[in-house]
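The values are calculated or read from the model by the stated rules, or taken from the named source; none is laboratory data. Small disclaimer: the values here were computed from a predicted structure and weren't measured. Glycine gets a Cβ as well: all are built from the backbone with ideal geometry, and neighbour counts include every protein chain shown. Ligands, DNA and RNA are stripped out before the accessible areas are found, and what is left, the full protein with its side chains, is counted by its heavy atoms. Shrake-Rupley method; radii C 1.70, N 1.55, O 1.52, S 1.80 Å.
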Amino acid sequence: MSEHKEKMNKAAEDFCKQGDEYFIKSESGAAIEAFTRAVQLQPDYAAAFLGRGLAYYFTGDYGKAIADYDEAVRLQPDYAVAFVNRGYAYDNKGDCDKAITDYDEAIRLQPDIGMAFLNRGGAYGKKGDYDKAIADFTEAIRLLPNFALAFHNRGLAYWNKGDYGKARADYNEATRLQPDFMKTSNPQAPQFPVTEKERQSFTGSTFVYNISGNSNSPIIVNSPNAQNDIIEDEFINKQISEITLDKLGITEPLLSVLKDRINEIKLCINAKSSLAAIFLCGSTLEGILLDIASKNPKLFNQAKSAPKTKEDKVKQFPDWSLNSFHRCFFRGWLYSR
């Protein structure tokens, strides 16, 4: 990512942060207004154009989304994430060829950007080129090994080729990684997917929202058309499977403390002490983020949304709020693994 050569307008940066926050809350209209203020104050703010493009995408206005992505890549030609997002907007407009061109460029700029391979595989699948689709999904799986959608899409490509054994294996792996991913799945059924519509459902592809531009650490945001949408009541009543922290690389003694905290959360939930559970969840998440930030100080301290003192110096991590950690993660530092 090329460095921004002009001094950042503080007010523009604040509006961009507001846009992030509105987007997190699914308030696309308010996000668009905030990002618009940001680019009015700083017309060369590529990240704000990227953010507004994503907000427009979620309103279904692919034309305006593409226009903002155009501006983002004009201002920052090596902005791999912007090429991924523009490609996905073209994809949803039905222009697979332009989408593939953008995914190609994203991969040229950032060869390990897994979402570009995932989305390009989806575009090839829609064109009926299942061999290229399978190759791209396989690379996406190598880069994003725990992402259920990549296995689903590769399984779909195998199914369309008539390789039902490999298709079922991939569907089973997708379901193992995310048990509620495919509500209609039935690995024992003689034919799966069960409808012609499902046979062509490569539209489940997702794309990257990464306003900081660090494409090694993408935030993955599901498309409004993604297959695994869950309505609010379903989510509230959803039974969460066992939570493991071992893969996060958290060191002792913090790891043991956090495991005890998770057990306390479970007790609160069982006792229907919802408020206590919420507070404990917040403090647990803060502990996890503090540990990861402490191991990656340069990444967090250089984030544009890092909290600062009155002297305009980045605060020490123990003085960061949970919201500060979360904002920095949302703006690009969250590890996709």
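Please tell me if Tyr88 is touching a residue at least 40 places away in the same chain (Cβ under 8 Å), among the hydroxyl-bearing types (Ser, Thr, Tyr), under 30 Å from Thr138 (Cβ atoms) and open to solvent by less than 30 Å² (accessible area, probe 1.4 Å). It is true that Tyr88 is touching a residue at least 40 places away in the same chain (Cβ under 8 Å), among the hydroxyl-bearing types (Ser, Thr, Tyr), under 30 Å from Thr138 (Cβ atoms) and open to solvent by less than 30 Å² (accessible area, probe 1.4 Å). Pairing residues of the stretch 25-39 that are of a type outside the set (Lys, Arg) with residues that are not in a helix (DSSP H, G or I), at Cβ distances under 7 Å and at least 6 apart in sequence or on separate chains, gives Ala38/Tyr45; Val39/Tyr45. When Arg52, Arg108 are screened for being open to solvent by 50 Å² or more (accessible area, probe 1.4 Å) and modelled with pLDDT of 85 or more, only Arg108 passes. Of everything in the stretch 298-313, what is open to solvent by less than 70 Å² (accessible area, probe 1.4 Å) and either within 21 Å of Asp260 (Cα to Cα) or at pLDDT 80 or above (or both)? Give them in sequence order. Correct list: Pro307, Thr309. For the stretch 132-155, a residue qualifies if it is closer than 11 Å to Gly114 by Cβ and touching an Asp or Glu at 6+ places or on another chain (Cβ under 7 Å), and exactly one does: Leu143. Screening the stretch 266-284 for residues that are of a type in the set (A, V, I, L, M, F, W, C) and open to solvent by 70 Å² or more (accessible area, probe 1.4 Å) and picking the one that is nearest to Leu322 (Cα to Cα) gives Phe279. Among the candidates Asp20, Asp91, Asp70, the residue that is within 23 Å of Ala123 (Cβ to Cβ) and at pLDDT below 90 is uniquely Asp91.
Every residue, every condition in (1) without any contact (Cβ under 8 Å) to a residue 24 or more places away in the chain; (2) within 19 Å of the chain's Cα centre (by Cα); (3) in a helix (DSSP H, G or I), yes or no:
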| residue | (1), (2), (3) |
| --- | --- |
| Glu13 | no, no, yes |
| Lys17 | no, yes, yes |
| Ala47 | no, yes, yes |
| Tyr103 | yes, yes, yes |
| Ala106 | no, yes, yes |
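Only residues that are assigned to a loop (DSSP other than H, G, I, E, B) and touching a helix residue (DSSP H, G or I) at 6+ places or on another chain (Cβ under 6 Å) were counted across the stretch 249-299, and they come to 1.
If you go through the stretch 300-326 and keep only what is assigned to a loop (DSSP other than H, G, I, E, B) and within 18 Å of Lys10 (Cβ to Cβ), you end up with Gln302, Ala303, Lys304, Ser305, Ala306, Pro307, Thr309, Lys310, Glu311, Asp312, Lys313, Lys315. Residue count for the stretch 121-156, restricted to those that are open to solvent by 10 Å² or more (accessible area, probe 1.4 Å), touching a Cys at 6+ places or on another chain (Cβ under 7 Å) and assigned to a helix (DSSP H, G or I): 1.
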